[in-house]
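Taking it in order: structure first as structure tokens, then the write-up.
The values are calculated or read from the model by the stated rules, or taken from the named source; none is laboratory data. Because the structure is a prediction, the values reported are computed rather than measured. Using ideal geometry, Cβ is built from the backbone for each residue, glycine included, and neighbour counts are taken over all protein chains shown.
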Amino acid sequence: GKSVDTYQNLTLKTMSTLQWVDMHCPEAQFILKADDDIWVNLQNLLNFTRSVQLAQNVIYGHLATNAKVIRNNSSKYHVSNATYAPNQYPTFCRGPAYLFSRDVTRRLLDTAPGVPFIGLEDVYFTALVAEAAGVKRIHVKEMSADRPQELKTCTMAGAFAIHNLSISEKYD
């Protein structure tokens, strides 16, 4: 039969990515996980990684704190009470883009099998699994990934990543 891709598959795709990185990228100092509608300012990102080059056991991103679990069945972010009982998530990095030190890959992979699966990839890896693995999460405002009102050089100059851009907008 036909297989259908779903939003919940992002968690599985990210797990596969972590496994691939663990196997094929032993020299990498940092790993950037970014959605396909993200524009990345590589110069700003490289400058940041140089400033924290010795960092370990950390995920950098736009932190979401006190986020409520969505119980509405019609939402793509729905998580049932049976899947995750608390009404609030631990602090996590919002999913469009986050950066982690290379050592975190193995910590997440080793810890994930003991953490009940949920289909929200950012919450699963950067909150539930990261917390269980003792990985720090650090807020970096330049990784907010929010789309500015106007796509102008001056509004984008300081950002590391900007979310929700079309292919032509990224090219421009």
Some residue of the range 69-88 being touching a Lys or Arg at 6+ places or on another chain (Cβ under 7 Å) and touching a residue at least 40 places away in the same chain (Cβ under 8 Å): no
Some residue of the range 110-122 being more than 14 Å from Arg137 (Cα to Cα), touching a Ser or Thr at 6+ places or on another chain (Cβ under 6 Å) and acidic (Asp, Glu): yes
Selected residue [at pLDDT 95 or above, surrounded by fewer than 21 Cβ atoms within 10 Å (Cβ to Cβ) and touching a strand residue (DSSP E or B) at 6+ places or on another chain (Cβ under 8 Å)] from Lys170, Lys136, Lys141: Lys136
